[in-house]
1. To the nearest whole percent, what portion of all C-alpha pairs in the chain is separated by more than 27 angstrom?
2. If you take every residue apart from residue 203 with its C-beta less than 14 Å away from the C-beta of residue 203, what net charge results, scoring Lys and Arg +1 and Asp and Glu -1?
3. With springs connecting C-alpha atoms under 10 Å apart, model the chain as a Gaussian network and identify which of 176, 149, 140 has the largest mean-square fluctuation.
4. For the chain, modelled as a GNM with alpha-carbon contacts under 10 angstrom, which of 51, 152, 139 fluctuates the most?
5. Carbon and sulfur together cover what percent of the accessible area of segment 62-203 at a 1.4 Å probe radius?
6. Determine the calculated [θ] at 222 nm for the chain from helices alone, applying -39500 (n - 2.57) to every DSSP H run no shorter than 4 residues and normalising by the residue count; nearest 500 deg cm²/dmol.
7. Once you have the Kirkwood Rh of segment 88-141 from its Cα pairs, apply Stokes-Einstein at 10 °C and 1.306 mPa s and quote D in µm²/s.
8. Tell me the label-point distance for the pair residue 94, residue 76, using the 7 Å Cα-to-Cβ offset, in nm and rounded to one decimal.
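The values are calculated or read from the model by the stated rules, or taken from the named source; none is laboratory data. Computed from a predicted structure; not experimentally measured. Positions of Cβ are backbone-derived with ideal geometry, glycine not excepted, and every protein chain shown enters the neighbour counts. Accessible surface is based on the protein model in full, side chains and every heavy atom, while ligands, DNA and RNA are left aside. Shrake-Rupley method; radii C 1.70, N 1.55, O 1.52, S 1.80 Å.
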Amino acid sequence: MGSESGAGALPGAGSAPAAAPRRSDATRGAILTAARERFAADGYERATIRAIAKDAHIDPSMVMRYYGSKEGLFAAVLDVDLRLPDPAALDPADVGRVLVGHFLDLWEENEVLTAMLRVGVTNQAGAERMQSIFRDQLAPVARRACPDPEQAPARAALCASQLLGLALARYILRLPPAVALHREEIIAWLGPTVQRYLTAPHP
């Protein structure tokens with residue numbers, strides 16, 4: 001007696017298998033999370049690949065496989081895209097409010113930025129990386145909004161002083177009055193200050 005056609009076939013045979021999450025992505029994510037916390041807690045010099053691997057529950061050789069060295073891992077930890085709005089799409093008259101709201105959303109949604117700030121205030125290499133991120137990514141916005149493009153670097157630095165100061169007070173030091181402020185209150189307080197830094201005439 002012949003077997004029925006298709007008997008014993010696997011369910012869904014002939015269809016493309018569903019894509020499985022890549023194990024390497026999960027491993028990279030675990031390494032980066034552990035490294036951010038370790039660099040922030042211990043500083044660059046004291047943090048070790050072995051300690052980071054232990055925190056990530058993997059073998060140290062895996063860290064080296066993905067990042068090559070502690071220097072390479074540190075660079076990856078601080079590789080942050082601020083996802084700023086397209087400068088050409090910004091209304092110069094509203095740029096202060098938009099920037100403060102954007103950074104609030106970033107700090108609230110992305111623990112990477114908070115960890116990066118902790119590294120930046122405790123480590124010279126981290127501070128230099130923070131400087132380059134804000135210089136390269138915030139300066140085009142300042143250049144678009146300010147009355148004199150030559151003043152863009154100084155104006156961007158003044159904006160960064162407000163935005164990073166807010167993050168330090170609210171998310172790192174967690175000063176109770178700063179933590180208690182609602183989003184719209186912060187935008188109402190800081191938006192005009194950032195706006196003035198970007199668009200007011202040079203004093």
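1. On the way: 9461 of 20503 pairs.
Above the 27 Å cut-off, the chain has 46 percent of its Cα pairs.
2. Taking every other residue near residue 203 into account, the sum is +1.
3. Top of the fluctuation ranking is 176.
4. Highest fluctuation of the listed residues: 51.
5. On the way: 4150 of 7300 Å².
Accessible surface attributable to carbon and sulfur in segment 62-203 totals 57 percent.
6. Values: 10 runs with 135 residues, N = 203.
Helices in the chain give a 222 nm mean residue ellipticity of -21500 deg cm²/dmol.
7. Translational D for this selection: 128 µm²/s.
8. A separation of 4.0 nm, rounded to one decimal place.
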